[in-house]
Amino acid sequence: MEKELFDFVAERVDILSTSEASKQETKEAALAWKSAVEGADDETVDAATAKFVDFLEGRPNTVDGVIAFAQGPAVEMFGKEAADQILATQMKRKEQGEKYCDCDACTAAVELLTKFDRI
């Protein structure tokens, strides 16, 4: 794997492994990628990357998913005012044609999936 592509993947893996927005299984998969590629040859890096990108497919939240969250669980978790703010932001993003959640974890996942022509 070219250094530029490796660095691109590694930066997003770092985000996914540490983001508060990442689910635990995503953090674990990101850390597994890091372990697999440390000092590895290109073939191993490519295989680990393919496995991680496969894992990410279907995982980024959609804008519609965030809207549903804002209309339901977010009210109890964050309060009505915060939930209404989330809802307004996501409704605006949807009107602008955005498809995915804009948190750091979903953004990193979408960037990886896009880079590897998976979305």
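The values are calculated or read from the model by the stated rules, or taken from the named source; none is laboratory data. For clarity, every value in this text was computed on a predicted model and none was experimentally measured. Virtual Cβ from ideal backbone geometry, glycine too; neighbours counted across all protein chains shown.
Things worth noting here:
- Filter result for Val53 (under 23 Å from Leu31 (Cα atoms), assigned to a helix (DSSP H, G or I) and touching a helix residue (DSSP H, G or I) at 6+ places or on another chain (Cβ under 7 Å)): yes
- Members of the stretch 64-77 that are surrounded by 15 or more Cβ atoms within 10 Å (Cβ to Cβ) and either in contact (Cβ under 8 Å) with a residue 24 or more places away in the chain or not small (Gly, Ala, Ser) (or both): Val66, Ile67, Phe69, Val75
- In the stretch 23-65, residue farthest from Lys115 (Cα to Cα) [restricted to those that are touching a strand residue (DSSP E or B) at 6+ places or on another chain (Cβ under 7 Å) and either at pLDDT below 95 or among the β-branched types (Val, Ile, Thr) (or both)]: Val63
- Picking from residues in the stretch 81-119 that are out of contact with any helix residue (DSSP H, G or I) (no Cβ under 9 Å at 6 or more places or on another chain) and charged (D, E, K, R), the one that is nearest to Glu11 (Cα to Cα) is Asp117.
- Tabulated pairs, the stretch 91-111, first touching a residue at least 12 places away in the same chain (Cβ under 8 Å) and farther than 15 Å from Glu20 by Cβ, second β-branched (Val, Ile, Thr) and not in a helix (DSSP H, G or I), C-beta under 9 angstrom, 6+ apart or interchain: Lys99/Thr62; Lys99/Ile119; Tyr100/Thr62; Tyr100/Ile119; Val110/Ile119
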